[in-house]
Amino acid sequence: MPSLNSSLNLGQRALSINQRAMHTVGHNIANQETEGFSRQQVHSGTSAPDPTGVGGGADAQPTTRVYDKFVQRKILQENPRSGMFRSRGEFLQKIEIIFSETEGNGLHNALNEFWNSWSQLSNNPESESARIQVRVQSDVLARRFRGMHSQLQGLRTEINGRLSANINKVNELGKKVAELNRQINTYEDGQRIANDMRDARNQAIEELSELVDVNSFEDPNGRITVIIGRDWTLAEGNNHYHLEGNMKGGELGMLRVDGVSVNDNRRDLTRTFREGEMSEMLRMRDETIVEYQHNLDEMAFNLAAQVNKLHATGTGINSAKDMMKSTFGLNSEALNQPLPFLKDGIFQLHLVDPHNEILETYELEIQSGVDTLPDIVNRLNQTVNDPGLLQASIEADGSMLLQSGHDYKFIFGEDQSGVTQVLGLNSFFDTLKGAEDLHLSQQIRENPNNISTGKDLIPGDNRVALEIAKLQTRPTMRDETMTFDEYYNGVLTGMGLKIQRNKTDQAHQESMVRQFKEIRSSISAVNMDEELTDMMQYQKAYEASARFINTVDEMMETVINM
Amino acid sequence: MRVTEVTKRDHVVDNIQKSSGQLQDIQMQMATGRRLNKTSDDPIGAARSQDIVTTISSQKQLLQNIVDNVAWLQRTEQEISHINEMLGKIRTLALSQAGSDSNEESRQMVAREFSAARKSLFDTGNAREGKLYLFSGIKSLSPALKRNGIFQPAKVLTEGAVQNGTGDFLDVSQFRAQFEGYSNNDYRIRVTSGGVWGQARVKISDDGGRTWSKEQILRPVTHVFNPDGKPNDQVLLKFSDQEGRLGNVLPKQFDFNSEASAEFDLKALGIVFPQGLEFIFQPNPEVTYNGSIHKKEALISNGLTIPVNVTAQELLLGDVENGVDTFSLLATMERALLENDGIAIAQRLGELDSAQTQVLKQLADVGNTIRELYAVQSKLENLQFEKESQLSDIQDLDIAEATVDLKVAEANNNLALNTGARLIQPSLSDFLR
């Protein structure tokens, strides 16, 4: 039979258990808005009964949190895709703004004006103002190509900067996980559970999962190993292995993501991220945007090539030259190799007198894959056979120089070989890289009369201008299957569809993650009404325990006064 | 499922977000009046609308081109009608002088009118619109017609010449052979029997050596007759020394017809024309075409072009095979008038008709081109309207529909706010003392 003293003890234990429970209710209410917090529960068990079977009251058990690790796992799995779609949507929208046509100042509009100006010039080849119009519209078009290309490049640089911030964030989170691993390991001794620290660690990993794809598992000591990307261990036990943005070794000015392990060993991880914001940033920076830049380059290149091809063998008003230097030069090695991109065929030069009458026609038979620039220069000089009339030479910078004698000038005739295009003679546009450096050629900028509209210096000849105006409706892109407009429309439509698809994907993914989070909330989050009910219950229990002690005290008094 | 504070809050926020997002989309559309504001709003529609914008823009340019070209062609038409009227007047005059009713005096008068008409025709052929010559083809900055010089040096061909013992080969440097006059014919004069002037005999061909006339004597001034006896072109072959004096080459007293000349030392005269020598005349009409045979082509729809020039060649000079050189014709007729030759005039009336037909054909062509341009213009204008309404269908907002949508979205938004406010307020704590 238990003594009164032990009953007093029992009452005291009941008081402290209820107080602890009350404390936990307070803790839950206080943390109801804390990110990642799981509500905690106090558990009590009955104390061992005495030999006669009378119960010994209640004992406190470790406080636990209400938490479902399978739901958490699911969230960690889906979160990276969510981050990926969100990031993709954000950047695609920025790209869309760059390609935007709605204000009437997009590339499309510039192209339309460009073709229209040629159409107008073909109608008035003698008109100075129509020539100036072509020059202005062509300049606007070239500017727009360059502008869009550099805006896309700017977006790449911006992503680069954000990437660097993301790397810092990943490192911070990795460090936090390792630190919490250490603390949890010290705190937990088989009895105690580090509820709040575990919540904080989960929260850190969840934040990480928006940036990169994460794999994690817990070791027997309660420490979590975090693996990001394909196989990089970010945190293991008490250690973490950070990432580093490296400027060297990759494309100029573009960060490479390195993982740094023990002994300062580095490994390039740039291509190992599959999902999450970071992977999408890298993909945007190195693939998606670059592809749009290539699309612009392809257009700009082809535009320059098609226009130049027609332009080179044409003439403007008094556009015969007594000297011309090719735009492109060859280095000493290339000088001794056959000129690339040539075709078999003839290449003609006409010598004209000061009255623009053709005096002589020099014709060279060009062989592709055989003729080098010096070959062509020598053969031309042999054909002309009089340096006083016309002379070709190679400049120090590897470009070709044509010079006619006093009182003579020259123009280009038929060119089946493409020599004019390969070297950049009498060109309209100049470009080496495509959209990035598309410019009007020097001679067009200097004098709009140099714009070729016809042939053989006939001022009212509109044949060349007409052919250039007709390029608008001629399929010249992609193996001559699409017009410039169709190609560009294709790029725009592709981009629009990509944005739309991403919107759908993102909405779907986010609703999925939201549902899992809802499930988690319904399990782990705090309900005020519940807590208030608990609070009242514990209050009543505390009151009852106090009454019990009081009663036992009275009983003891009764015994003493007996 | 257990409801918690967090899920309650998330739900409310989520629903309000959704409904105000909808509201914002509609508001954006209403503000711009366009359904399509970004490519991603409707990628396929955006591509179609870009396509239509391009079509509208290039059609606008084509319409402008057409207006320019119609103005040009109307000016051309005017000038051609003027030429036609002129030729009609000339024909009436010629007809009145063709018979035997007319006298020499009136023919002289008419000849003067012919001369004025020729000049006027020449000027009309060189008519300009602004700084551009109407009838020069693509050589629009050069006059269409050019008057040729009346003199041209004869080309002397020595390849066929044979030495027959009468003397040395002709020394070309000793004298100058020159043609005078206008003709379209390829005259060749060939020495058939060698000798000095008055002795050497020549044959004349008017077709570059295919057919030849009878022999005639070579003189210091030789009339190059048309072998077929057609009215000739009055082309002369003249010889002179290097100073251009004719008399120096031949003694003044020399007379081919007198017996005394037979005793002359022919070799002392210096110049012996060997047999087989040829003098070649370059066809040299009074007026030649100076423009380009290429015509300016104008874009009238995507990739299609139409010629908008009439060249003075086809209008007044005719092509080589058939057609009439109006200037030569008038010159010949003028000469006939001056010579009081009514029959020759009558013979040329048929050619005058052809010259007029030649002009009328061009007039009809220009009319057709103008009509075609008008047809294209009205077609383009219709298309333009059609395309604009298509564009509007794709990118513009249906205001009535949008207003209804706006009302619905507004109601949804209110509802979300309302229920949210009610859901989130009550708590057990409100009911505890």
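None of the figures in this text is laboratory data; all of them are computed from the coordinates on show. Remember, it's a predicted structure, so these values are computed and weren't measured experimentally. Here the Cβ positions follow ideal geometry from the backbone for every residue, glycine too, while neighbour counts run over all protein chains shown.
Please build a GNM for chain B, connecting alpha carbons under 10 Å apart, and tell me which residue among B:D319, B:D14, B:D41 fluctuates the most.
B:D14
Among A:N181, A:A235, A:N221, whose Cα projects farthest towards the positive end of the dipole of region A:164-272, with charges put on the beta-carbon of Lys, Arg (+1) and Asp, Glu (-1)?
A:A235
Answer with one residue from B:Q358, B:I150, B:I204: the one whose Cα lies farthest towards the positive end of the charge dipole of the protein assembly as shown, charges on Cβ with Lys, Arg +1 and Asp, Glu -1.
Going by the Cα projections, it comes out as B:Q358.
Per 10 Å bin, what percent of the C-alpha pairs of region A:322-425 does each bin hold, from zero upward?
Reading the bins upward from 0: 16, 51, 29, 4, 0.
What is the ratio of the Cα radius of gyration of region A:390-507 to 2.2 N^0.38 Å, with N the residue count, to two decimals? Please list the in-between numbers first.
On the way: Rg = 20.5 Å, N = 118, 2.2 N^0.38 = 13.5 Å.
In units of the globular-protein estimate, region A:390-507 measures up at 1.52.
Report the GluC sites (Glu not before Pro) located in region A:103-152 that are in a DSSP loop and have at most 13 other Cβ atoms inside 10 Å of their Cβ, or state none. Mind showing how you got there, number by number?
Working: sites: A:E103, A:E113, A:E126, A:E128; in loops: A:E103, A:E126.
Those satisfying the criteria are A:E103.
Set the Förster radius R0 to 22 Å, insert the Cβ-Cβ distance between A:Q382 and A:F341 as r into 1/(1 + (r/R0)^6), and round the FRET efficiency to 0.05.
Details: r = 24 Å, r/R0 = 1.09.
Step by step, r from the Cβ atoms, then E = 0.35.
On a 0 to 90 degree scale, rounded to 10, what angle separates helix B:43-98 from the longest Cα axis of chain B?
Roughly 30 degrees between the two axes.
If you average the alpha carbon positions of region A:384-443 and of region B:8-64, how far apart do those two centres end up, in angstrom?
After rounding, the separation between the Cα centres reads 48 Å.
Expressed in nm to one decimal, what extension gain is obtained for the pair B:N302 and B:S100 from 0.36 nm per residue of sequence separation less their Cα-Cα distance?
Using 0.36 nm per residue and subtracting the Cα-Cα distance, I get 66.6 nm.
Excluding residues fewer than 8 places away in the same chain, name every one of the lysines whose C-alpha is closer than 29 Å to that of A:K517.
A:K69, A:K74, A:K169, A:K175, A:K176, A:K498, A:K503, B:K8, B:K18
What percent does the relative contact order of region A:370-513 come to when contacts are Cα pairs within less than 8 Å and at least six residues apart?
Working: 107 pairs, mean separation 11.8, N = 144.
Result for region A:370-513 is 8 percent.
On full extension of the chain, what length is gained from A:R20 through A:R73, given 0.36 nm per residue of separation minus the C-alpha to C-alpha distance?
Result: 16.0 nm gained on full extension.
Quick one: how many lysine pairs does region B:50-159 have with C-alpha atoms less than 22 Å apart and a gap of 8 or more or different chains? Give me the count, please. Mind dumping the intermediate values first?
Working: B:K89/B:K119; B:K119/B:K131; B:K119/B:K146; B:K131/B:K139; B:K131/B:K146.
Eligible lysine pairs with Cα atoms under 22 Å apart amount to 5.
Hey, in the GNM for chain B with a 10 angstrom Cα cutoff, which one of B:K38, B:K379, B:K214 fluctuates hardest?
B:K38
Quick check: net charge around A:N302, other residues with Cβ under 14 Å of its Cβ, Lys/Arg +1 and Asp/Glu -1?
Values: positive: A:K309, A:K433, A:R474, A:R478; negative: A:D297, A:E298, A:D479, A:E480, A:D485, A:E486.
Once all neighbours under 14 Å are counted, the net charge is -2.
Under a point-charge model restricted to the Cβ atoms of Lys and Arg (+1) and Asp and Glu (-1), what is the dipole moment magnitude of the protein assembly as shown relative to its Cα centre, in debye to the nearest 20?
Here the protein assembly as shown has a charge dipole of around 1080 debye.
If I model a spin label at B:Q78 and A:N221 as a point 7 Å from the Cα along the Cα→Cβ vector, what separation in nanometres do I get?
Taking the simple label geometry, B:Q78 and A:N221 are separated by 10.4 nm.
Could you point to the residue in A:I95, A:S3, A:G454 farthest towards the positive end of chain A's charge dipole, with +1 and -1 charges on the Cβ of Lys/Arg and Asp/Glu respectively?
A:S3
For region A:90-202, take the alpha-carbon Rg, divide it by the Kirkwood Rh, and send me Rg/Rh.
Checking Rg against Rh, the ratio lands at 1.51.
Averaging over every viewing direction, what projected area does the convex hull of the Cα atoms of the protein assembly as shown cover, in nm²?
That works out to 65.5 nm², a quarter of the Cα hull's surface.
For region B:99-128 and region A:70-113, what is the centre-to-centre distance using only Cα atoms, to the nearest Å?
Answer, in whole Å: 81.
Among rounded, prolate and oblate, which fits region A:164-272 when a ≥ b ≥ c are the square roots of the eigenvalues of its C-alpha gyration tensor, a/c under 1.5 means rounded, and a/b larger than b/c means prolate?
Here region A:164-272 falls in the prolate category.
Can you pull a Stokes-Einstein diffusion coefficient for region B:1-115 at 25 °C (0.890 mPa s), Rh from Kirkwood over Cα pairs, as a whole number of µm²/s?
On the way: Rh = 22.9 Å.
This corresponds to a translational diffusion coefficient of 107 µm²/s.
In Å, what Kirkwood hydrodynamic radius results for region B:271-336 from the alpha-carbon pair distances?
Radius from the Kirkwood sum: 15.6 Å.
Would you grab the residues whose amide H sits under 5 Å from the one on A:D59? Only those 5+ places off in sequence or on another chain, please, with H modelled 1.01 Å from N.
A:G45, A:T46, A:S47
Please report the net charge: other residues with Cβ closer than 14 Å to the Cβ of A:T476, K and R +1, D and E -1.
-2
Would you mind checking the tilt of helix A:484-524 against the longest principal axis of the Cα atoms of chain A, expressed as 0 to 90 degrees and rounded to 10?
Compared with the principal axis, the helix lies near 0 degrees.
If amide hydrogens are placed 1.01 Å from N in the peptide plane, which non-local residues have theirs closer than 5 Å to the one on B:L145?
B:N290
Calculate I(q)/I(0) for chain B by the Debye formula, one identical point scatterer on each C-alpha and no solvent, and give its log10 at q = 0.06, 0.08, 0.14 Å⁻¹ to two decimals.
-0.52, -0.70, -1.23
Per residue of A:514-520, count partner chain C-beta atoms within 10 Å of its C-beta, then hand back the mean as an integer. Mind showing how you got there, number by number?
Numbers: counts 3, 0, 0, 3, 7, 3, 3.
Per residue, the average neighbour count from other chains is 3.
Compute the Rg to Rh ratio over chain A from the alpha carbon atoms, using the Kirkwood formula for Rh, and round to two decimal places. List each step's numbers first, then the result.
Numbers: Rg = 40.2 Å, Rh = 30.7 Å.
Value, to two decimals: 1.31.
Looking at chain B as a GNM with Cα springs under 10 Å, which of B:V408, B:V324, B:V191 has the largest mean-square fluctuation?
B:V408
So how do B:86-92, B:74-80 stack up, highest first, on mean other-Cβ count within 10 Å?
B:74-80, B:86-92
How do the peptides A:154-163, A:13-22 rank, highest first, by the average count of neighbouring beta carbon atoms within 10 Å per residue?
My ranking of the peptides, most packed first, is A:13-22, A:154-163.
Quick one: helix B:5-32 against the long Cα principal axis of chain B, what's the angle to the nearest 10°, folded into 0 to 90?
30 degrees
What's the local net charge at A:T157, with K and R +1, D and E -1, over the other residues with C-beta under 14 Å away?
+1
Give the order of B:F151, A:F114, A:F37 when sorted by the count of other beta carbons within 10 angstrom, beginning with the fewest. Numbers along the way, then the final one.
Details: B:F151 12, A:F114 26, A:F37 22.
Going from sparsest to densest Cβ surroundings: B:F151, A:F37, A:F114.
Roughly speaking, what is the centre-to-centre gap between region A:165-190 and region A:301-376 when only Cα atoms are used, to the nearest Å?
For region A:165-190 versus region A:301-376, the Cα centre distance is 69 Å.
Nearest 20 debye, what's the magnitude of the dipole of region A:81-209 about its Cα centre given +1 on Lys and Arg Cβ and -1 on Asp and Glu Cβ?
Dipole about the Cα centre, nearest 20: 340 debye.
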